[in-house]
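Below: one structure, written as structure tokens.
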Amino acid sequence: SSATSVCAYQGDAGSVALGAAVAVNMSANQVSARAERGVSLTSGGIGGVGVRASDDVTVYATAHGYQLGGATAGAVAASATRGGSTRSLVGDEALSGAQTVLKATQGGVSVTSERQGRVEAETIAGSGGVHGAAVGSGATAEDGGAVQAVVGNQVTMEAADSVQVVARAVPRAKATARGYGGSLFAAVGASVAISNATPIVQASIGRGGLV
């Protein structure tokens with residue numbers, strides 16, 4: 001597994017106005033595994049034949065903003081987004097007419113595309129001065145992208161065990177926004193957290209093949 005992280009911090013203890021603390025992290029991996037047109041893959045091992053693509057990257061974004069004097073702190077915002085695609089593809093028959101063949105004399109044949117990992121965004125805005133104010137705290141996390149396991153036309157898949165074509169997404173999007181006011185006249189703006197899970201998942205087998 002892998003992870004990417006972006007952090008933004010803002011803080012002051014004086015009486016001046018502060019800028020915003022903004023963290024933006026975006027991942028758009030393009031992961032693919034492919035058996036080309038007209039290829040013939042045969043295995044006699046117990047593991048069978050597999051075409052597998054997997055993406056489990058985790059994306060973090062964190063922004064913190066604090067003021068301890070009479071300052072006005074700007075907005076605190078974090079955005080974490082994962083898009084891109086994860087694809088396992090088996091091509092059509094060759095232009096010569098030769099079929100694409102996946103064959104396992106032991107074990108199974110599988111075409112699998114999987115997408116896991118996490119997308120997390122967190123913001124904290126705090127004010128602890130006598131007249132301080134924090135404008136607001138907003139966090140957005142979105143786990144989207146495409147997951148495809150596609151077998152083309154005129155493809156033969158034979159196995160001693162099972163034949164599987166699987167596309168699977170396990171989206172996990174989490175957004176947390178916090179605001180704190182801990183002084184006599186301090187004010188903290190709205191804290192808003194939004195998370196979305198919007199993967200597009202497709203598993204398909206084309207025309208004219210043999211399974």
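The values are calculated or read from the model by the stated rules, or taken from the named source; none is laboratory data. Predicted, not measured: the structure shown is a model, and the values here were computed from it. Glycine also receives a Cβ, built like all others from the backbone with ideal geometry; neighbour counts cover every protein chain displayed. Accessible surface areas use protein heavy atoms only, side chains included; no ligands, DNA or RNA. Shrake-Rupley method; radii C 1.70, N 1.55, O 1.52, S 1.80 Å.
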Exercise. Near the amide H of Val165, under 5 Å away, which other amide H atoms are found, from residues 5 or more places off or on another chain, if H is placed in the peptide plane?
Worked result: Val111
For this session: Using a 1.4 angstrom probe on the protein heavy atoms only, line up Val90, Val39, Val192 by accessible area, largest first.
Result: Val192, Val39, Val90
Exercise. Can you give the FRET efficiency for Asn196 and Ser32, using 1/(1 + (r/R0)^6), R0 = 30 Å, r = Cβ-Cβ distance, to the nearest 0.05?
Worked result: 0.75
Problem set entry | Using θ = phi - 60° and Karplus 6.51 cos²θ - 1.76 cosθ + 1.60, couplings along the range 36-48 (whole Hz; Gly, Pro as x) | 6, 4, x, 6, 10, 10, 10, 10, x, x, 5, x, x
Seminar exercise, completed: A chain fully extended from Arg178 to Leu210 at 0.36 nm per residue, minus the present Cα-Cα distance, gains in nm 5.9 nm
